[in-house]
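Chemist: Below you'll find the structure I mean.
The values are calculated or read from the model by the stated rules, or taken from the named source; none is laboratory data. This is a predicted model, so every value here is computed, not measured. Note that we place each Cβ from the backbone using ideal geometry, even for glycine, and neighbour counts take in every protein chain shown. Just the protein is used for accessible areas: all its heavy atoms, side chains included, with ligands, DNA and RNA removed. Shrake-Rupley method; radii C 1.70, N 1.55, O 1.52, S 1.80 Å.
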Amino acid sequence: MDKTTLYLDSAEYRKLKRIAEQRKVAPASLGREAVAEYVARHATTQMPRSVGAFRSGRGDLSERAEALLDGFGTAAPPRRPRGRR
């Protein structure tokens, strides 16, 4: 955790302290919670550069995705052992 300083006007700080007392937490905890909510709401998520970088050559890929992926991730049937040579 990094330490920072946040300047609040007196009225806002009194309100923050009152809420912290009601919730039985430190005012700093409420500040961290508020910053976390703000960041979650306003942060932009970047797509990996590989998204959209390739072409499948199929125009129906999105419509047929489920059919094309059918069986993907299931266990392969067991292989029969080969005889010795």
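Chemist: Using the Karplus curve 6.51 cos²θ - 1.76 cosθ + 1.60 with θ = phi - 60°, work out ³J(HN,Hα) for each residue of the stretch 55-65 in order, rounded to whole Hz, and write x for Gly and Pro.
Modeler: 10, 7, x, 10, x, 10, 4, 5, 6, 9, 4
Chemist: May I pose another question? Over what distance in Å are the Cα centres of the stretch 57-77 and the stretch 5-28 separated?
Modeler: Between the Cα centre of the stretch 57-77 and that of the stretch 5-28, the gap is 54 Å.
Chemist: Please report the carbon-and-sulfur percent of the accessible area for the stretch 25-85; probe 1.4 Å, protein heavy atoms only, DNA, RNA and ligands left out.
Modeler: 54 percent
Chemist: Next question. Accessible area per residue of the chain at 1.4 Å probe, in Å²?
Modeler: 107 Å²
Chemist: Using the basic label-point model (7 angstrom from Cα toward the beta carbon), what is the residue 69 to residue 34 distance in nanometres?
Modeler: It works out to 4.2 nm between the two label points.
Chemist: Continuing with this model, one more query. Calculate one ³J(HN,Hα) per residue across the stretch 41-53 by plugging θ = phi - 60° into the Karplus curve 6.51 cos²θ - 1.76 cosθ + 1.60, and present them in order as whole Hz with x for glycine and proline.
Modeler: 7, 10, 6, 9, 9, 9, 7, x, 4, 6, 5, x, 7
Chemist: Which values of log₁₀ I(q)/I(0), to two decimal places, follow from the Debye formula for the chain at q = 0.21, 0.23 Å⁻¹ with a uniform point scatterer at every Cα?
Modeler: After summing over all Cα pairs, the log10 values are -1.14, -1.21.
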